[in-house]
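Asks: Handing you a structure now.
Values quoted throughout were computed directly from the atomic coordinates according to the rules given, and no laboratory measurement underlies them. If you're wondering where the values come from, they're calculated on a predicted model, not measured in any experiment. With ideal geometry, Cβ positions are generated from the backbone for all residues, glycine too; neighbour counts draw on all protein chains shown.
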Amino acid sequence: MRRELARTIGDVPVLVVCCLDHARLGAIADGLGGLRSPAAAYASILPAVQNLLLAARALGLGTTLTTLHRAFEAELRALLALPATIEPVVIVPLGWPADRFGPTRRRASPRSRISIAGARRSHAG
């Protein structure tokens, strides 16, 4: 799958480059371009990326999250004229899928559903 994405990513109509500005991370950044807490830094951007993926799917668009750009990050930075403090974290190819979407594969099971009453009982003490 990764090889296919690498082969066809240039054909995708829209590539959303999701970036992290190290200059705005405060104490999470070390001031030298690195991250003191990478998990905290990426936790600030990846939920937004997930929302983009979900919204695109709801509109019938095909997406995926990829870090293939790490292999050519210097060229990407030059192409986009990114300052040193901006890190391209993920790329989201976005477009109409080649095939029809089917239903999602994940099905809700009765065990995965939590009733509000059950949650209240468990927290009532």
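Asks: For region 69-82, give me each residue that is surrounded by 10 or more Cβ atoms within 10 Å (Cβ to Cβ) and outside any helix (DSSP H, G or I).
Replies: Matches in region 69-82: L82 only.
Asks: For the subset of region 13-68 comprising residues that are over 16 Å from the mean Cα position of the chain (by Cα) and surrounded by 16 or more Cβ atoms within 10 Å (Cβ to Cβ), which member is nearest to A84 (Cα to Cα)?
Replies: Step by step, filter region 13-68, then rank; the result is H22.
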